[in-house]
Amino acid sequence: MIMNRMKIKFNDILVLALLFFLSCEDNSILSPEEISKETLLAAPDTIEIGNQKIFLTTYLQRDFMPVSPPDGKPLNAVVYIETVDSSDIPGSLEAQAIYIINGNEVWESFFSDDVPPENSSFRLVKIARDGPKWEPGIYVDVIVLLTIGKEQKLLKASDQYIYRTD
């Protein structure tokens, strides 16, 4: 009887492991679309959707609080996609991925599923976590891949500072 229970538990674990590996089979889902560094750097700092102008601001931060590892936690990025005149963001606008350029390095990531409280009708806020451990106190370029319906656009914020929290 004990052997039958062990078989059931082992079979359950085997099924769960198989489902996990099958869900991870397509690695293209795990990283955003590859876009050349040149294309990213050529992105505009303002885009127009209909008659609205939209721009990007950021808050980039590395945590060095006492509970952090000695070399700090990875980079976190908060992006604010806003209309210039505080009019409503189009409902079809979505932020798909973030690209941060530091010299020759490019970090690309999808945004987390966190829903920040700062979202409003004129501002879309997204968070990306677990970035590289670049030194705080440097400036980087941040580019966001947006979709409006079926159309994709890049939006850039240049010379964004990486803050350090202690």
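Please identify the pairs in which a residue from the range 119-136 that is free of Cβ contacts under 8 Å to residues at least 24 places away in the same chain and surrounded by 16 or more Cβ atoms within 10 Å (Cβ to Cβ) has its Cβ atom under 7 Å from the Cβ atom of a residue that is of a type outside the set (Gly, Ala, Ser) and not in a loop (DSSP other than H, G, I, E, B), counting only partners at least 6 apart or on another chain.
Close Cβ pairs satisfying both conditions: none exist.
Okay, residues lined up against (1) among the hydrophobic types (A, V, I, L, M, F, W, C); (2) touching a residue at least 24 places away in the same chain (Cβ under 8 Å):
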{"residue": "Ser36", "(1), (2)": "no, no"}
{"residue": "Leu41", "(1), (2)": "yes, yes"}
{"residue": "Lys53", "(1), (2)": "no, yes"}
{"residue": "Asp63", "(1), (2)": "no, yes"}
{"residue": "Pro74", "(1), (2)": "no, yes"}
{"residue": "Val79", "(1), (2)": "yes, yes"}
{"residue": "Val84", "(1), (2)": "yes, yes"}
{"residue": "Asp88", "(1), (2)": "no, yes"}
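Please return the ranges of strands (runs of 3 or more DSSP E) entirely within the range 1-119 where 3 or more residues are closer than 25 Å to Arg164 by Cβ and modelled with pLDDT of 95 or more. Outline the logic, then answer.
On the way: elements: 46-49, 52-63, 76-83, 93-102, 105-110.
Fully inside the range 1-119 and qualifying: 52-63, 76-83, 93-102, 105-110.
The values are calculated or read from the model by the stated rules, or taken from the named source; none is laboratory data. Everything numeric here is computed off the predicted structure, so don't read it as measured data. In this analysis, Cβ positions are derived from the backbone assuming ideal geometry, glycine residues included, and neighbour counts consider all displayed protein chains.
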